[in-house]
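One structure below.
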Amino acid sequence: MRRVNMVIMKQASLSILTSLIVLISSPGTRAAPGLATRDLNPILQPIFLPRYRNPGSENGWSIDHSFFITNTLQQQSRSGESLLIDVENYQYNLDFALRSDAWVFQTSLPFIANRSGELDGLIDDWHDFFGLPSRKRTEFPQDQLQIEYIVDGETEYSQSDSSDGIGDIAVQAGYFP
């Protein structure tokens, strides 16, 4: 009986999650179509991945903000190189946009923080609840921050302490006739 209840809870949770995604991404909402997603893997942070935000058809200023949390555990090794990423990443973006007829100007001010995995236990429970693979999560201590890149036995980059600060400010311009 307990197994049946667990299956019903999983199905109900997936149904609610799917409904929320459809509701959030439906054209009747104020947000731009689709979900605002991006890969916040710490290795990709130095690479600018622009995020288009539709400022609407009205001329003038608009302000938007977003908050992302990711928890990454990744370990890879091959031919003299090894990479370990075990970090929780928080990113808050404050976006400004100005529309003037067909011209759109946007800027994004990000605040980025890398921390130890406060959500590791929650993610482990999520994987257990939905029967998702844990891969190597059980082999690593919980709530640690460790980013390490090693080439031919030499450590090229290592971080085990928390860090935070203003990220790269993005400025974009576009013409939409």
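The values are calculated or read from the model by the stated rules, or taken from the named source; none is laboratory data. Just so you know, these numbers come straight off a predicted model, no measurement behind them. A quick note on method: Cβ atoms are made from the backbone with ideal geometry, for glycine too, and the neighbour counts reach across all protein chains shown. Ligands, DNA and RNA are stripped out before the accessible areas are found, and what is left, the full protein with its side chains, is counted by its heavy atoms. Shrake-Rupley method; radii C 1.70, N 1.55, O 1.52, S 1.80 Å.
Can you give the FRET efficiency for residue 66 and residue 164, using 1/(1 + (r/R0)^6), R0 = 22 Å, r = Cβ-Cβ distance, to the nearest 0.05? Mind showing how you got there, number by number?
Details: r = 17 Å, r/R0 = 0.77.
Calculated value: 0.85.
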field: Net lengthening on full extension, residue 156/residue 142 (0.36 nm per residue, minus Cα-Cα)
entry: 2.6 nm
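Before anything else, pin down the relative contact order of segment 87-144: Cα pairs under 8 Å, at least 6 apart, normalised by residue count, whole percent.
Values: 63 pairs, mean separation 19.3, N = 58.
Computed value for segment 87-144: 33 percent relative contact order.
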- prompt: How much solvent-accessible surface does residue 94 expose, in Å² to the nearest 10, with a 1.4 Å probe and all protein chains in place?
  reply: 50 Å²
- request: Please report, in Å, the Rg and the Dmax of segment 63-161, where both are computed over Cα atoms only.
  value: 18.4, 57
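Once you have the alpha carbon radius of gyration of segment 104-177, what is it after dividing by 2.2 N^0.38 Å, with N set to its residue count?
Numbers: Rg = 18.7 Å, N = 74, 2.2 N^0.38 = 11.3 Å.
For segment 104-177, the normalised Cα radius of gyration is 1.66.
Tell me, in nm to one decimal, what length is gained between residue 58 and residue 111 on full extension, where the rule is 0.36 nm per residue of separation less the Cα-Cα distance?
Values: separation 53, 0.36 × 53 = 19.08 nm, distance 2.82 nm.
Taking 0.36 nm per residue and subtracting the Cα distance, the gain is 16.3 nm.
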